[in-house]
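A short worksheet on the structure shown next.
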Amino acid sequence: LDMTFQIDPADKMPYRGKRIEKYILRKAFEGYLPDSVLWRQKEQFSDGVGYSWVDGLKDHAEKVVSDEALAGASARFEVDPPRTKEEFFIREIFEEHFPSHHHAHMVKRWIPSFDNDVVEASGRAMKAHDAAFVTTS
């Protein structure tokens with residue numbers, strides 16, 4: 001513990017394109033773990049299952065949730081209504097298992113405080129992510 005306090009805090013910070021998060025810890029395990037594991041970017045929990053699974057879920061939700069259903073989301077789900085078809089689809093499953101409005105009050109939506117404008121469950125929506133979504137105007 002004393003050793004970690006001796007390290008300059010700036011040396012512990014990630015810098016996009018220059019130093020990955022937890023660089024010092026990763027460097028300590030060089031040669032013990034495969035580089036593909038050691039140097040991969042950390043993933044948000046929802047993306048840990050794989051991008052194809054996340055994208056497949058979104059595609060499925062687009063097919064099974066109508067525009068009309070999404071438009072009526074706030075009437076159907078009074079507590080924290082879903083904003084996307086993916087959220088609507090997941091919320092329907094949640095409601096099947098936990099039908100009371102009291103349950104919805106117990107669940108918190110996780111969006112990082114540093115990216116409040118994001119309406120997306122995937123970590124790829126974060127500007128700092130290496131595989132960040134590219135938006136075109």
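Before moving on, here are some points about what is shown:
- For Val65, residues with placed amide H under 5 Å, excluding near neighbours: none
- Note, ³J(HN,Hα) from phi for segment 56-61, Karplus 6.51, -1.76, 1.60, rounded to Hz, x at Gly and Pro: x, 5, 4, 4, 4, 4
- Rg [Å, one decimal], Dmax [Å, integer] - segment 1-99, C-alpha atoms: 21.0, 59
- Computed from label points 7 Å out along Cα-Cβ, the spacing between Glu92 and Ala69 is 0.2 nm.
- Using the Cβ-Cβ distance between His103 and Lys42 with R0 set to 41 Å, the FRET efficiency works out to roughly 0.85.
- For Phe98, no residue has an amide H sitting under 5 Å from its own, ignoring neighbours fewer than 5 places away on the same chain, with H placed 1.01 Å from N.
- Label sites at Ile7 and Asp80, each approximated as a point 7 angstrom past Cα along Cα to Cβ, lie 3.3 nm apart.
Bear in mind these aren't lab numbers, they're just calculated from the coordinates by the rules spelled out. Small disclaimer: the values here were computed from a predicted structure and weren't measured. Every residue, glycine among them, receives a Cβ derived from its backbone with ideal geometry; neighbour counts consider all protein chains shown.
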